[in-house]
Amino acid sequence: MTIDTERLILRPLVPDDFDALRLIHADAELMWVYGGVFDEQRTREWIDRNRKRYADHGFGLFAITLRETGELIGSGGPVWQETDRGTELEVGYQVRRDQWKRGYATETARGSMKYAFENTGVTHVISLIRPENLASRRVAEKNGLSIDREIRWHDFQTLVYQISREKWLAIHG
Ligand SMILES: CC(C)(COP(=O)(O)OP(=O)(O)OC[C@H]1O[C@@H](n2cnc3c(N)ncnc32)[C@H](O)[C@@H]1OP(=O)(O)O)[C@@H](O)C(=O)NCCC(=O)NCCS
């Protein structure tokens, strides 16, 4: 399956995406969000974990590719996450640094939320964002999400941004 947006195609990650993902996972200016750069083993695990998500749930973090060229510029999509409220559907995203500020993360998140509301019964979608991650907060806010609460998540203080199905439909439906 794919999630198609105006400029992007989100498609399943494959083992051959390793080299393109390394350009992201080895970039310290980006990976501080995840506690630091990934070594090659963690990049392989990232691909494997998401391929297992596709098999188990039908979706996960996908390769973000440019519709015009097919180039992989990031990964993002809907994922089930364990939070303080049980299992919630998160939309996640990361974009290679030379492609920042072109609206690609916003477009990825919007396409992923549309997919989630149309294909699952979720009442709301979240994004888990560290308070100091101003770019990601802006992405969430541009898509109509707002802060629901602050939690400790995977060792970091984390803002839970949320949008309800009703609000999504009112803005984007
Ligand atoms: C967060 C991230 C995915 C954004 O990708 P992107 O494609 O550049 O995002 P967009 O272009 O759709 O939107 C980014 C917005 O943040 C703004 N922004 C960028 N850096 C900012 C900063 N330091 N402070 C405030 N706003 C900032 C941009 O100006 C833009 O807003 P605008 O459209 O109003 O100008 C990218 O920075 C990234 O990969 N970061 C590391 C991984 C990450 O944080 N993932 C999210 C985890 S919750």
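Quick note: the coordinates plus some simple rules give every number you see, no bench work behind them. Small disclaimer: the values here were computed from a predicted structure and weren't measured. All Cβ positions, glycine included, derive from the backbone under ideal geometry; neighbour counts span all protein chains shown.
Check off (1) part of a strand (DSSP E or B); (2) touching a residue at least 24 places away in the same chain (Cβ under 8 Å); (3) away from the ligand (no atom under 16 Å from the Cβ) for Tyr54 and give me the number that stays unchecked.
Every condition holds for Tyr54 apart from (1).
Scan the stretch 9-51 for residues that are aliphatic (A, V, I, L, M) and free of Cβ contacts under 8 Å to residues at least 12 places away in the same chain and jot them down.
Listed by number, the residues that qualify are Ala28, Met31.
Name every residue in the stretch 112-143 that is free of Cβ contacts under 8 Å to residues at least 12 places away in the same chain, over 15 Å from Ile163 (Cβ atoms) and more than 6 Å from the ligand (Cβ to nearest atom), in order of residue number.
Listed by number, the residues that qualify are Gly121, Glu132.
For the subset of the stretch 1-46 comprising residues that are touching a strand residue (DSSP E or B) at 6+ places or on another chain (Cβ under 9 Å) and among the β-branched types (Val, Ile, Thr), which member is nearest to Gly70 (Cα to Cα)?
Ranking the candidates gives Ile9 first.
Look through the stretch 85-103, keep the residues that are free of Cβ contacts under 8 Å to residues at least 12 places away in the same chain and more than 6 Å from the ligand (Cβ to nearest atom), and return whichever of them is surrounded by the fewest Cβ atoms within 10 Å (Cβ to Cβ).
Gly86
Just name the residue that is farthest from Phe62 (Cα to Cα) out of those in the stretch 116-173 that are touching a strand residue (DSSP E or B) at 6+ places or on another chain (Cβ under 6 Å) and among the basic types (Lys, Arg).
Looking at the filtered set, the residue picked out is Arg149.
Working only within the stretch 57-84, note down all residues that are of a type in the set (D, E, K, R) and either within 13 Å of the ligand (Cβ to nearest atom) or closer than 19 Å to Ala105 by Cα (or both).
Answer for the stretch 57-84, where residues must be of a type in the set (D, E, K, R) and either within 13 Å of the ligand (Cβ to nearest atom) or closer than 19 Å to Ala105 by Cα (or both): Arg67, Glu68, Glu71.
Take the conditions more than 8 Å from the ligand (Cβ to nearest atom) and assigned to a strand (DSSP E or B) and apply them to Glu45. Does it pass?
It is false that Glu45 is more than 8 Å from the ligand (Cβ to nearest atom) and assigned to a strand (DSSP E or B).
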